[in-house]
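The values are calculated or read from the model by the stated rules, or taken from the named source; none is laboratory data. Computed from a predicted structure; not experimentally measured. Glycine gets a Cβ as well: all are built from the backbone with ideal geometry, and neighbour counts include every protein chain shown. Please note that ligands, DNA and RNA were not included when accessible areas were found on the heavy atoms of the full protein model with its side chains. Shrake-Rupley method; radii C 1.70, N 1.55, O 1.52, S 1.80 Å.
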Amino acid sequence: QVQLVESGGGLVQPGGSLRLSCAASGSIYSIKDMGWYRQAPGKQRELVAAITSGGTTNYADSVKGRFTISGDNTKNTIYLQMNSLKPEDTAVYYCKARIEMVRAGAQSLYLYWGQGTQVTVSV
């Protein structure tokens, strides 16, 4: 089994910064990619940023230039540095990972989600 543990959410004023972390642990053979999604009340979950095991990154247009995703392969951990935060960034942020595991001699790809961490941008 695999667990994704997120941390770093909280309340911040507009223009402020937060750093989210997501650590994967468990029976991991390898991690294909990880990413951050967010869901605001009444809205669909959307991609914020993603990173592959090779370091290729992808960002939503709304966060380009303000957010930076990075990873530490030795710790199976990704980070999301969020700067110049806006009220519209308020949401629950979820970590997602596609992880390769070996079960009964077969290697397969599995999708995991974290429990979510609240980010609130408000005066």
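Each residue of the range 51-66 was assigned a 3J(HN,Hα) from its phi angle through the Karplus expression (A = 6.51, B = -1.76, C = 1.60, θ = phi - 60°), giving 9, 8, 5, x, x, 6, 10, 8, 10, 5, 4, 5, 10, 4, x, 10 Hz with x at Gly and Pro. Given H placed 1.01 Å from N in the peptide plane, which residues other than close sequence neighbours of LYS32 have an amide H under 5 Å from its amide H? Hits under the 5 Å cutoff: ARG98, ILE99, GLU100. Computed from the Cβ-Cβ distance with R0 of 22 Å, the FRET efficiency linking SER84 to LEU11 stands at 0.85. To put it simply, the accessible area of the chain at a 1.4 Å probe is 47 percent carbon and sulfur.
A simple charge model with +1 on the Cβ of Lys and Arg, -1 on the Cβ of Asp and Glu and nothing else charged puts the dipole of the chain at about 60 debye relative to its Cα centre. The HN-Hα couplings worked out from phi for the range 67-78 by the Karplus form 6.51 cos²θ - 1.76 cosθ + 1.60 (θ = phi - 60°) are 10, 9, 9, 8, x, 10, 5, 5, 10, 6, 10, 10 Hz, whole numbers, x standing for Gly and Pro. A simple spin-label model places pseudo-atoms 7 Å from Cα toward Cβ; at GLN44 and TYR110 they are separated by 2.8 nm.
Loop-located trypsin sites (Lys or Arg not before Pro) in the range 1-50 (DSSP state other than H, G, I, E, B) with a sparse environment of at most 13 neighbouring Cβ atoms within 10 Å: LYS43.
For PRO87, neighbours were defined as the other residues whose beta-carbon sits under 15 Å from its Cβ, and their charges (Lys and Arg +1, Asp and Glu -1) total +2.
Distance between the modelled labels on THR120 and ARG19, one decimal in nanometres: 2.4 nm (7 Å Cα→Cβ projection). The tail of the calculated P(r) for the range 61-123 beyond 13 Å holds 74 percent of all Cα-Cα pairs. Rounded to the nearest Hz, the phi-derived 3J(HN,Hα) couplings of the range 30-44 under the Karplus curve 6.51 cos²θ - 1.76 cosθ + 1.60 (θ = phi - 60°) are 7, 10, 6, 6, 9, x, 10, 10, 9, 9, 8, x, x, 10, 7, where x marks glycine and proline. Residues whose amide H lies under 5 Å from that of GLY16, counting only those 5 or more places away or on a different chain, are LEU85; hydrogens are built 1.01 Å from N in the peptide plane. Per residue, the range 26-71 exposes 56 Å² of accessible surface when a 1.4 Å probe is rolled over the protein heavy atoms with every protein chain present. Note on the range 1-89: the alpha carbon radius of gyration divided by the globular reference 2.2 N^0.38 Å gives 1.11.
Beta bridges assigned by DSSP with both partners in the chain are antiparallel in approximately 95 percent of cases.
Calculated accessible area for the range 79-123 comes out at 50 Å² per residue, all protein chains present (probe 1.4 Å; ligands, DNA, RNA ignored).
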